[in-house]
Amino acid sequence: MSIPSKVMSKIDPGSEDGPKKMYYMQATSRSMIDQHELAQEISSFCTASPADVMLILESLSSTIPRMLMDGYSVSLGDLGIFSAHLSSRGHKDPKKVTSKFLKKVTVAFRPSSRFKSRMKYAEVSKVYVRKKAKKG
């Protein structure tokens with residue numbers, strides 16, 4: 001399997017000759033693997049049934065947010081680390097900054113170095129995208 005990609009143009013403003021159009025590879029939208037398909041795939045490599053794997057995946061999806069809300073980062077070993085991040089408005093006086101200044105809470109996933117090193121060997125295939133016909 002390979003990661004499907006397409007060539008996209010972007011303006012490179014940092015060029016010494018002024019802004020110029022450059023072309024880059026970009027991953028294209030792919031089909032989604034759902035939880036049930038993932039459970040089936042995982043169960044084929046171990047003694048757990050697809051139902052057992054589904055139970056674990058369902059538990060993770062409720063337990064990880066709860067742990068993050070309790071102030072923990074969650075390490076899943078060779079997979080990576082989940083952590084909560086906050087975005088808030090600022091104020092000159094630190095004593096006046098309260099939870100009312102909070103804009104949003106986001107979750108970040110930081111893949112482990114082992115996970116990242118596995119992705120270094122990913123194959124990429126170029127997908128040719130047909131240009132849309134102009135109307136008129």
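Remarks
- Tabulated pairs, region 100-122, first touching a residue at least 24 places away in the same chain (Cβ under 8 Å) and under 19 Å from I64 (Cα atoms), second among the charged types (D, E, K, R) and part of a loop (DSSP other than H, G, I, E, B), C-beta under 6 angstrom, 6+ apart or interchain: S112/D78
- Residue match in region 39-52 (condition: more than 28 Å from S125 (Cα to Cα), exposed (fewer than 11 other Cβ atoms within 10 Å of the Cβ) and charged (D, E, K, R)): no
- If you go through region 1-17 and pick out every residue that is under 20 Å from the mean Cα position of the chain (by Cα) and open to solvent by less than 100 Å² (accessible area, probe 1.4 Å), you end up with 5.
- Residue match in region 18-37 (condition: small (G, A, S), exposed (fewer than 13 other Cβ atoms within 10 Å of the Cβ) and at pLDDT 95 or above): no
- Residue in region 81-99 that is touching a Phe, Trp or Tyr at 6+ places or on another chain (Cβ under 7 Å) and open to solvent by less than 60 Å² (accessible area, probe 1.4 Å) present: yes
The values are calculated or read from the model by the stated rules, or taken from the named source; none is laboratory data. Keep in mind that this is a model prediction, so the values were computed, not measured. Reconstructed Cβ throughout: ideal geometry from the backbone, glycine too, with neighbour counts over all protein chains shown. These area figures cover heavy atoms from the full protein model, side chains too; ligands, DNA and RNA do not enter into them. Shrake-Rupley method; radii C 1.70, N 1.55, O 1.52, S 1.80 Å.
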